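One structure is given here, and the rest of the page talks about it.
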Amino acid sequence: MRLNVTVNGRPRQADDVWPGESLLYVLRERLGLPGSKNACEQGECGSCTVYLDDVPVCSCLVAAGQAEGRQVRTVEGLAEGDRLDPVQQSFVDAGAVQCGFCTPGLVVAAHDLLRRTPRPSDEEIREALAGNLCRCTGYEKILDAVRTAADAS
Amino acid sequence: MTRLVGRGVPRVDGRAKVTGAARYAADNEIAGVLHGFLVMSTIARGEVREIDPSAALAHPGVVAVYTHADMRTLTVPGFPYNRTFIPMQDTRVHYSGQPVAYVVAETLEQAQEAANLVRVRYRAEPPVARLADAPDEPFLPEGFRADQPTETVRGDAATALEQAEVRLERTYGSPMQHHNPIEPHTTTAVWDGETVTLHESTQGVVFTRNVVSAVFGLPPADVRVVSQYLGGGFGAKGPVYPHTLLTVEVARLARRPVKLVLSRAQMYTSNGHRSEFRNHVRLGATRRGTLTAVIGTSTAQVTRTDERTFNTNDSAVNLYACPNIHVRQLGVRLDLPTSGYMRSPETTAHFGLETAMDELSYEIGIDPVQLRMRNLRPTDPQNGRHTASRHLPACYRMAANAFGWKWRNPLPGTTRDGDEYIGWGMATETHSHNAIRSTVALTIGLDGRATLRTATQDIGTGTYTVLTQVAADELGMPLGQVTTLLGDTAFPDASLSAGSSTVPSVVGPVADAAQGARDRVIALATTDPRSPLHGVPAEDVDTEGGRLFARGDRHRSDSYRDVLTRHGRPVETRSHVENTRGHSFGAVFVEVRVQPRLGTVRVSRVAAAYDLGRVLNHRTARGQVIGGVTWGIGFALMEHTAVDPNTARVVNPNLSTYLVPVSADTPSVDVAFVDQPDSGSNALGARGFGETPGTGVPAAIGNAIYHATGRRIRDVPFTQDKLL
């Protein structure tokens with residue numbers, strides 16, 4: 001199929017797409033947006049989290065055909081030009097980034113949390129990020145980053 | 001002089017990572033790339049009788065299905081390949097999940113679907129998968145590294161144990177575990193004539209190049225390996241694995257670039273694991289708690305083809321001063337993949353020693369911290385040299401104070417909060433680090449900017465940041481004036497990022513190259529009549545903020561940029577500085593809450609203190625502590641690869657059944673550093689550290705569970721079934 005999808009505000013097209021292939025594959029291999037990461041292929045780790053029509057989803061679990069005509073926002077679309085989103089800035093400042101592979105998914109998940117709940121409790125932060133696995137940081141600095149971003153916005 | 005080293009400056013690569021701009025090995029756009037997918041054996045022992053690729057070949061987009069019949073004979077490489085055969089060279093199957101065919105197709109989904117369509121017929125033999133099921137006696141393998149012998153003897157441990165006033169004999173165990181870096185293994189092989197470039201997820205671009213060069217008979221210069229960013233390795237990406245070699249060969253056969261990304265499930269048989277482990281520990285001591293004998297006999301899994309074991313019993317030999325030691329590391333042959341190094345491999349045996357020390361403290365009736373203090377010596381017990389453990393008492397003191405250890409009632413089962421039993425436990429943390437010869441090149445361009453190039457890599461620990469700090473300080477430049485380039489064999493050879501070796505190996509050469517470049521630029525200025533510094537003695541010139549100043553008359557100044565512009569050519573230096581192997585140390589105290597009706601354990605508090613020599617960056621060092629403690633929590637409470645004893649297959653090859661800690665499992669960690677430079681390390685007084693934090697955590701948690709409940713559990717993970 002020819003896939004039409006708006007990604008980070010820009011209308012994009014991809015040809016010869018098998019409707020069953022993952023949105024993650026389309027973003028990474030067809031649209032040149034490798035920020036979203038492949039890590040488990042089955043929705044367990046959260047590294048591929050993107051917005052689909054303003055709802056965070058694991059893009060590895062969304063079929064390309066399901067994205068037809070819809071809006072996708074990836075980690076590449078959070079900053080405004082050179083100005084990082086407060087969530088991104090606080091991840092850098094708090095030392096919440098180590099290897100960085102889970103970071104794109106965590107940044108999108110945290111961004112979504114603060115959109116819905118601008119002043120989350122610690123329990124709400126832990127719950128919101130429980131679907132995002134990190135193997136390096138041990139989470140403490142990630143929680144700090146979300147608290148800092150909440151204070152900044 | 002020092003302005004940046006020691007400070008917790010944020011990561012220089014942080015921005016690239018939070019915006020998705022950082023390019024990991026699978027993120028590169030390669031024109032005409034094919035996607036590969038491995039067909040893995042479904043039996044653990046036997047032979048491939050027939051492979052029928054017809055259905056796979058008929059699938060849309062499939063370009064080829066390669067089997068052993070298509071492969072050239074490849075040379076089995078040496079360290080760090082760690083095994084004696086390459087799959088798909090013949091029909092023999094040594095473990096379940098061994099590659100038997102390799103599909104390449106235009107898209108990933110096509111390759112994956114076609115891999116499912118390849119029909120393989122086997123002749124199967126019954127496998128053996130557990131230490132307990134092995135029919136053969138454990139044997140003592142030959143050590144494969146001179147610095148890691150499989151047997152250590154000091155004094156006469158057997159006699160000393162027999163004569164000891166107090167004796168303790170226990171067996172401790174841990175299951176198979178998997179690294180599970182969040183980034184899956186990936187290789188993209190791109191041939192250009194007789195040269196090949198690999199975009200590889202690796203902790204060692206130089207090792208990978210050397211192995212590929214040996215296997216394919218290529219000059220090292222004809223193999224380039226690139227790994228700009230790595231999504232975690234933890235030892236899984238330290239050695240070179242078969243899938244990398246197969247991808248290089250398949251790309252040659254297909255005459256197109258091939259990208260392979262292992263699936264999460266495939267990562268449970270493709271890249272090593274922490275072996276199932278049994279540790280039989282015997283301690284002899286005086287009634288006052290002085291150790292007189294330590295006998296440790298560990299048993300790990302090896303394979304039918306290989307004898308290498310990776311979980312050395314370092315701490316039993318090196319940590320406590322005991323005159324009589326006998327440590328052996330035995331192997332048992334099983335039909336499983338070759339095991340390997342997994343973050344802090346010394347934890348595996350250390351869990352037994354540090355639990356035994358806790359048991360001994362109760363046996364004798366003294367505080368577990370006092371027992372350890374009584375057995376510390378300021379010299380390395382193996383060679384009599386001074387070691388850095390002279391700061392270990394400070395670690396115990398700092399962490400114990402932060403934790404509030406003095407308020408502990410030592411009687412087990414005495415502290416409750418509602419339903420929950422509360423327990424406090426502690427352990428010593430220690431791990432060795434390596435030092436690997438490393439060379440760096442530093443260039444100061446006409447724009448006055450410095451660029452550092454070296455073929456080590458940043459696996460997430462903060463290497464880009466720390467090396468930039470060191471170079472900027474020595475040059476007298478702001479952080480932003482220095483660019484560090486890593487992870488490419490086009491740069492000078494440097495350390496593997498494993499064995500906590502990056503800082504001790506690379507920091508010295510970076511400092512030396514930067515000092516050399518600064519001195520050259522100062523000499524250019526002071527000998528140039530056009531420079532305001534002309535005629536000033538070189539030793540009277542300071543550098544700061546990208547400028548050069550005459551000491552005592554800071555109005556006479558020049559800048560790197562102006563000096564280099566006048567010079568008209570870049571200034572280049574290279575350096576290598578050798579360092580030595582060593583150990584870092586610490587102490588960790590934990591509080592657990594045990595729910596007796598459910599058998600659940602929650603770690604509610606952790607305090608830890610460390611001696612790693614000089615701390616180059618408090619933020620990245622702290623990151624290693626929190627991450628390491630979290631690994632210790634996973635080791636203690638949940639991580640367990642389940643292998644079916646009948647088929648020798650991993651039955652939980654995914655992240656929903658192989659549990660790793662999530663944000664709800666981890667408390668905040670109170671971290672302190674002694675932060676005293678180690679005069680024996682030429683990495684600005686810093687030692688390797690990454691693998692020290694967490695080594696004592698499994699024992700500390702088990703000791704806390706005993707304190708909470710009076711139940712001593714000697715097998716991890718401490719799951720509910722063991723506590724009900």
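For every residue, the table says whether it meets (1) at the interface with another protein chain (Cβ under 7 Å from one of its Cβ atoms); (2) surrounded by fewer than 24 Cβ atoms within 10 Å (Cβ to Cβ); (3) among the charged types (D, E, K, R); (4) in contact with a Pro (Cβ under 6 Å, 6 or more places away or on another chain).
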{"site": "A:Gln13", "(1), (2), (3), (4)": "no, yes, no, no"}
{"site": "A:Asp16", "(1), (2), (3), (4)": "no, yes, yes, no"}
{"site": "A:Leu23", "(1), (2), (3), (4)": "no, no, no, no"}
{"site": "A:Arg28", "(1), (2), (3), (4)": "no, yes, yes, yes"}
{"site": "A:Leu31", "(1), (2), (3), (4)": "no, yes, no, no"}
{"site": "A:Gly46", "(1), (2), (3), (4)": "no, no, no, no"}
{"site": "A:Tyr51", "(1), (2), (3), (4)": "no, yes, no, no"}
{"site": "A:Pro56", "(1), (2), (3), (4)": "no, yes, no, no"}
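Say whether the condition of being modelled with pLDDT of 95 or more and part of a helix (DSSP H, G or I) is met by at least one residue in segment B:547-557. No, that holds for no residue. Taking the criterion of being surrounded by 24 or more Cβ atoms within 10 Å (Cβ to Cβ) and within 7 Å of another protein chain (Cβ to nearest Cβ), the residues of segment A:86-119 that qualify are A:Gln88, A:Phe91, A:Gly95, A:Val97, A:Gln98, A:Cys99, A:Gly100, A:Phe101, A:Cys102, A:Thr103, A:Pro104, A:Val107.
Among residues of segment A:42-61 that are in a helix (DSSP H, G or I), those with a beta-carbon under 7 Å from a residue that is charged (D, E, K, R) at least six positions away or on a different chain give the pairs A:Cys60/A:Glu41. Counting the residues of segment A:102-134 that are part of a helix (DSSP H, G or I), under 18 Å from B:Asn180 (Cβ atoms) and small (Gly, Ala, Ser) gives 1.
None of B:Thr202, B:Thr208 is of a type in the set (Ser, Thr, Tyr) and in a loop (DSSP other than H, G, I, E, B) except B:Thr202. If you go through segment B:672-724 and keep only what is among the hydrophobic types (A, V, I, L, M, F, W, C) and at positive phi, you end up with just B:Leu684. Scanning segment A:59-80 for residues that are more than 11 Å from chain B (Cβ to nearest Cβ), surrounded by fewer than 24 Cβ atoms within 10 Å (Cβ to Cβ) and not polar (S, T, N, Q) yields a total of 8. Test A:Ala39 against the stated conditions and say whether it is within 17 Å of the chain's Cα centre (by Cα), small (Gly, Ala, Ser) and surrounded by 15 or more Cβ atoms within 10 Å (Cβ to Cβ). Against the criterion (within 17 Å of the chain's Cα centre (by Cα), small (Gly, Ala, Ser) and surrounded by 15 or more Cβ atoms within 10 Å (Cβ to Cβ)), A:Ala39 qualifies.
Please indicate, with yes or no, whether at least one residue in segment B:598-611 is within 14 Å of chain A (Cβ to nearest Cβ) and assigned to a loop (DSSP other than H, G, I, E, B). No, that holds for no residue.
Of everything in segment B:35-70 that is under 25 Å from B:Tyr241 (Cα atoms) and within 12 Å of chain A (Cβ to nearest Cβ), the residue that is surrounded by the most Cβ atoms within 10 Å (Cβ to Cβ) is B:Phe37. Being touching a Gly at 6+ places or on another chain (Cβ under 9 Å) and buried (at least 24 other Cβ atoms within 10 Å of the Cβ) is a property that holds for B:Ala236. Taking strands (runs of 3 or more DSSP E) as the structural unit, those lying wholly within segment B:219-338 and holding at least 2 residues that are charged (D, E, K, R) and in contact (Cβ under 8 Å) with a residue 24 or more places away in the chain correspond to B:277-285, B:325-334.
Among the strands (runs of 3 or more DSSP E) confined to segment B:420-525, the ones with at least 1 residues that are surrounded by 23 or more Cβ atoms within 10 Å (Cβ to Cβ), outside the structural domain of B:Val196 (by TED's automatic domain parsing) and touching a Gly at 6+ places or on another chain (Cβ under 9 Å) are located at B:420-433, B:439-444.
Kindly indicate whether any position in segment B:695-706 is in a loop (DSSP other than H, G, I, E, B), in contact with an Asp or Glu (Cβ under 7 Å, 6 or more places away or on another chain), within 14 Å of chain A (Cβ to nearest Cβ) and of a type in the set (Gly, Ala, Ser). Looking through segment B:695-706, none of the residues is in a loop (DSSP other than H, G, I, E, B), in contact with an Asp or Glu (Cβ under 7 Å, 6 or more places away or on another chain), within 14 Å of chain A (Cβ to nearest Cβ) and of a type in the set (Gly, Ala, Ser).
For segment B:5-18, filtered to residues that are surrounded by fewer than 22 Cβ atoms within 10 Å (Cβ to Cβ) and more than 17 Å from B:Val507 (Cα to Cα), the residue that is farthest from the other protein chains (Cβ to nearest Cβ) is B:Ala16.
Collect the residues in segment B:323-343 that are farther than 17 Å from B:Asn271 by Cβ and modelled with pLDDT of 95 or more, keeping them in residue-number order. Of everything in segment B:323-343, those that are farther than 17 Å from B:Asn271 by Cβ and modelled with pLDDT of 95 or more turn out to be B:Asn324, B:Ile325, B:His326, B:Val327, B:Arg328, B:Gln329, B:Leu330, B:Gly331, B:Val332, B:Arg333, B:Leu334, B:Asp335. Taken over segment A:135-153, the criterion of being part of a loop (DSSP other than H, G, I, E, B) and either of a type in the set (D, E, K, R) or more than 8 Å from chain B (Cβ to nearest Cβ) (or both) is satisfied by A:Arg135, A:Ser153. Looking at B:Tyr610, B:Tyr560, just one residue is farther than 30 Å from B:Ile422 by Cβ, hydroxyl-bearing (Ser, Thr, Tyr) and crowded, with 16+ Cβ neighbours inside 10 Å, and that residue is B:Tyr560. Within segment B:79-91, one or more residues are farther than 29 Å from A:Arg28 by Cα, over 30 Å from the mean Cα position of the chain (by Cα) and in contact (Cβ under 8 Å) with a residue 24 or more places away in the chain. For segment B:633-670, give me the residue count where each residue is part of a strand (DSSP E or B) and either facing another protein chain (nearest Cβ under 10 Å) or surrounded by fewer than 18 Cβ atoms within 10 Å (Cβ to Cβ) (or both). Number satisfying all stated conditions: 2. Scanning segment B:455-484 for residues that are among the β-branched types (Val, Ile, Thr), more than 14 Å from every other protein chain (Cβ to nearest Cβ) and closer than 17 Å to B:Ala683 by Cα gives B:Thr456, B:Thr468, B:Val470. For segment A:64-95, the set of residues classified as out of contact with any helix residue (DSSP H, G or I) (no Cβ under 8 Å at 6 or more places or on another chain), more than 17 Å from A:Gly32 (Cα to Cα) and in a helix (DSSP H, G or I) consists of A:Gly65 only.
The values are calculated or read from the model by the stated rules, or taken from the named source; none is laboratory data. As the structure is a prediction and not an experimental result, all values here were calculated from the model. As a convention, Cβ positions derive from the backbone with ideal geometry for all residues, glycine included, and neighbour counts pool all protein chains shown.
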